[in-house]
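Following: one structure in structure tokens, then a few remarks.
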Amino acid sequence: MDRLHRLLIVALVLVLAACGDSTPVPTSAPSVPAPSAISTAAGTSIITPALTSVSTIAATRLVVTPSAVTTPRGAAALPYSDDFSTVSSGWPVGTFNKDVVEYRNGAYRILIGQENFLRTAWLSDFNIADMSVEVDASIANGPDDGMIGVVCRVDTTKNSYYGFLIGADKRYSLVKVIDGKTSTLSEYFLQPNSIRASHTSNHIRSDCAGDMLALFVNDQKLIENHDSGLKAGSFGLIASTGPSGKSGVDTTFTKIAVHSAPVTLTPSPTPAMASAPAFNNVVLRDDFTNAASGWPLRDDGDVKTEYKINTYHVMMQKDNTSVLLHPKQTFNLTDVSVEVTAASAAGPIENSFGVACRVKDEMNYYRLVIGADGFFGIAKVKAGENTWLAFHESLSSLINVRKSPADVGKSNTLRADCIGDKLSLFVNGRKLDEVRDSEFTTGDVGLRIGTEKAAAEVSFKDFVVHAP
């Protein structure tokens, strides 16, 4: 699923929000039934649209009015811990529409009774910059794509925070919520062995230190990203429906511990320069100076391609369009390194461009791409359906970005290494991400371009394919 398709689904969910109580309108705070009981802490609820590939969250604040409020502790200090054995330890409790937050059997429970919904629970009396939040948590019942996790740097007055989630289907993601609006910083569908199945406890840890955000599950690091939008705040718990939007996600938290700094700070230097693998065989090299080198030439209602000023130039002439382009020669390669210099030359910045490997046909391949606006990702296209194996909306400083359609063209050198089950994406000589997938083992190579808006232009030069 391309980025525009996800955005259209979000828009549809928000339109439907105006028609029923189960999905509040994001631009206003709807009234909420008062809970039967509530502690000194404040809880929030956030809408999550159901998506088929990427669970990008559209956030909406529900203002919770407690039946009784006591004075918070002010600037509470760390370390903090709670095993939820005492029902007066300060976490919110109550029933909100069909959702339930409660102490139960010596643990803390969040039950999502609504479809397409996400609920967080946090403490309101902490304001910490660097913290490590650790919980033992499980998904006790519900659909096979429900999600659970922790939040850090919560601004309780503005519904802003970082969220770290894992899924019952072993997806995992890092999101950023600002004033109730959510962007996906990182999202993966890799199903690592470190994430245990439903009904089994996982030890989830988030480190928020400086601009470094890291997710660990059962002591294995799954995500490290960098963002400086939120400087300090509180912490809490999170549970959500998954891409299916099905209700009934029943989660249990048995222990939480929070430290004033990460237990083990992970250094975050700029990624080192990464040389291409030692492949001696250059199977294709094309600098696009020869207009007869054999790349497709087309000019239809969707795409226009041409050799132009020693580049291979592609213009997307229709909204919501993507194209896979092959060189004249065909290959059936196993391990391969594909490199190209690509320039977002003009037009809208809501696009993606990069290389494809292990191409079986137009409907089955891997694509490793960046966007003119700084997004990047690795996806598997199977039977025509796009699934992001890694997706980042955070702007990497390694990518030369265009900030608006009026901005001048920017060039980046991309490289994709498809070696064994490892798929690695590099830009300007530095690694952006790496995933593992074994669906496709051999195939052709090519260029892959997509856009959300017509008139996006991308120019390619220096296309090189290395193989063992």
Among 288-300, 132-144, the order from most to least packed when residues are scored by Cβ within 10 Å on average = 132-144, 288-300
message = Using the crude model of +1 on Lys and Arg Cβ and -1 on Asp and Glu Cβ, and no other charge, please compute the dipole size for region 155-306 relative to its Cα centre, in debye to 20.
response = 640 debye
ask   = Taking amide hydrogens as modeled 1.01 Å from N in the peptide plane, which residues meet the under 5 Å criterion relative to S234, leaving out close sequence neighbours?
value = I128, R153, V154, D155, T156
note = If amide H atoms are modeled at 1.01 Å from N in the peptide plane, then the residues at a separation of 5 or more from N400, or on another chain, having amide H under 5 Å from its own are none
key: Set of aspartates and glutamates near K328 by C-alpha distance (under 16 Å), chain-local residues within fewer than 8 positions excluded   = D286, D287, E306, D361, E362, D444, D462
inquiry  = I'd like the Karplus ³J(HN,Hα) series for region 292-297: coefficients 6.51, -1.76, 1.60, θ = phi - 60°, whole numbers in Hz, and an x wherever there's a Gly or Pro.
reply    = 9, 6, x, 6, x, 10
query = Ordered by residue, what ³J(HN,Hα) values in Hz, to whole numbers, does region 456-468 give under the Karplus form 6.51 cos²θ - 1.76 cosθ + 1.60, where θ = phi - 60° and Gly and Pro are x?
reply = 6, 10, 10, 10, 10, 8, 6, 8, 9, 10, 10, 9, x
inquiry  = Cβ neighbours within 10 Å, averaged per peptide: list 309-315, 82-88 in order, most packed at the top.
reply    = 309-315, 82-88
task = When a/c is below 1.5 the answer is rounded, else prolate if a/b is larger than b/c, else oblate, so apply that to region 212-264 with a ≥ b ≥ c taken from the square roots of the Cα gyration tensor eigenvalues.
result = prolate
ask   = From the square roots a ≥ b ≥ c of the eigenvalues of the alpha-carbon gyration tensor of region 82-213, which class results: rounded (a/c under 1.5), prolate (a/b over b/c), or oblate?
value = rounded
task = Select from N412, A467, V435 the residue farthest towards the positive end of the dipole of region 356-468; place +1 on Cβ of Lys and Arg, -1 on Cβ of Asp and Glu, and compute about the Cα centre.
result = N412
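So for region 269-415, what are the equivalent ellipsoid semi-axes in whole Å, largest first, each being the square root of 5 times an eigenvalue of the Cα gyration tensor?
Gyration-tensor ellipsoid for region 269-415: 22, 21, 18 Å.
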Over region 317-468, relative contact order from alpha-carbon pairs under 8 Å, at least 6 apart, % = 40 percent
remark   = Expressed per residue, the solvent accessible area of region 313-468 in Å² (1.4 Å probe) is about 34 Å²
note = Residue-normalised value, i.e. accessible area per residue, for region 111-268 at 1.4 Å probe, in Å², stands at 32 Å²
Rounded percent of accessible protein surface that carbon and sulfur make up, region 265-393, 1.4 Å probe = 49 percent
task = State, in angstrom, two size descriptors of region 152-259 derived from its alpha carbons: Rg to one decimal place and Dmax to the nearest whole number.
result = 13.6, 38
remark   = Checked region 277-362 against the a/c 1.5 cut and the a/b vs b/c comparison, axes a ≥ b ≥ c from its Cα gyration tensor; verdict prolate
key: Karplus (6.51, -1.76, 1.60) ³J(HN,Hα), θ = phi - 60°, over region 430-440, in Hz, Gly and Pro reported as x   = 10, 6, 8, 6, 8, 9, 10, 7, 10, 4, 10
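If we sort 362-368, 385-391 on the protection proxy, mean other Cβ atoms within 10 Å, highest first, what's the order?
The densest-packed peptide leads the list: 362-368, 385-391.
How much net charge surrounds S244 when only the other residues with a Cβ under 13 Å from the Cβ of S244 are counted, with Lys and Arg +1 and Asp and Glu -1?
Every neighbour counted, the sum reads -2.
The values are calculated or read from the model by the stated rules, or taken from the named source; none is laboratory data. This structure is a prediction, so every number in the text was calculated from the model and none was measured. Cβ sites come from the backbone with ideal geometry, for glycine too, and all protein chains shown count toward neighbours. The protein model used for the area step is the full one, side chains on, heavy atoms only, and it has no ligands, DNA or RNA in it. Shrake-Rupley method; radii C 1.70, N 1.55, O 1.52, S 1.80 Å.
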